[in-house]
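Below: one structure, written as structure tokens.
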Amino acid sequence: MADKTAEKRQQILITAMQLFSAKGSSVTSMQEIAEVCGMSKGSLYLHFKSKEELEKSIYEHIAGRIKDEILRVDHDPLLAPKEQLRKQTEVLLIHFLEIREFLLKQFHDQMPGKPPFDKENMRQEMLAALQWFNNKLKTIYGPDVEPYTMEIGMFLASMLGSYIRFLFMPGFHLNVGITADHQIQLLDDIVASILRRRPEPLIPMEAIGQLGQLCQTDVPKQRHPLIVIKAMKSELKKSQAEPEDREDAMESLNIMEKELLGLQPSRAVLKGMLANLEGIEEIEALYTELKGTISTVLESYLTPGGMMQGNSFKLET
């Protein structure tokens, strides 16, 4: 009984996907899907409670098929690890070709702010894929490549994503076999160059764990210092401070604003201007926020000459 239910569910998914590919999901009714499947609308709702759930299940079905086939290649004893990766690249491209019309219609119909997939599940799958890619590269190129697998993966994912976008262009034909060969050749070139130069990794493998924080809804949001400065100016205009003190504070904020809009903000200038703002009661909370957020922003800059190196920049007043 369970097998028949699973078969019927898969039939519904494939049928709905074909109808969505031809017409789009917005103009395809659940009644139409039921009729093509040879069942009543009520029976259809026993499998899927809504069209939204059906759409989400289609994406999960597609992702599952791709994942299963990629992992199946991993266990092919006749292919060396690099040949497996080449075959897996081809598999991915072929699947995108197969679902091209469906995705085009979905992108056209999709309502803003309403993703058809589970964000948390997507995050977990992304982390697992990164770990899989890390292990694959170590198997192919040896352990010396591990510090760079994050950046290599980012580069290849960007390239592959660009090729996939060309697959969606009307009248443009991309040979998936040649494309897969080219991707592996690019990978060889990138790894050879990195292992020859041995640069300091910009994004270490440990950063994989921190990627999860991007999808958390309870992560506190930090405002950009320019937003905080704007709020401070507004508060200063209503301040009861001495006119001279208010004017000096406003000038300090203007200088900080100009500095932050430059390519390489000066630590010394920002530290000095922050000192001018300390002790003004009406903006005390904003001052504390500004001090913290400026430190965070400046840590993203790598200034020549050692003015700011990595996370060494701290504002102490």
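The values are calculated or read from the model by the stated rules, or taken from the named source; none is laboratory data. Given the structure is predicted, the values throughout are model-derived calculations rather than measurements. Each accessible area value is taken on the protein alone, full model and side chains, heavy atoms only, with ligands, DNA and RNA left out. Shrake-Rupley method; radii C 1.70, N 1.55, O 1.52, S 1.80 Å.
Odds and ends about this structure:
- From the Kirkwood radius over Cα pairs of region 28-76, Stokes-Einstein at 37 °C and 0.692 mPa s returns a whole-number translational diffusion coefficient of 265 µm²/s.
- Heavy-atom accessible surface of region 1-77: percent carbon and sulfur, 1.4 Å: 54 percent
- The listed residues L261, L174, once ranked by accessible area (1.4 Å probe) with the largest placed first, stand as L261, L174.
- Only protein heavy atoms count here; on that basis, with a 1.4 Å probe, S295 has an accessible area of about 20 Å².
- Computed Rg/Rh of region 225-300, alpha carbon atoms with Kirkwood Rh: 0.94
- Ordered by 1.4 Å accessible area with all protein chains kept, K258, K23 run largest first as K258, K23.
- Stokes-Einstein D in µm²/s, Kirkwood radius over Cα pairs - region 1-160 at 37 °C with 0.692 mPa s viscosity: 183 µm²/s
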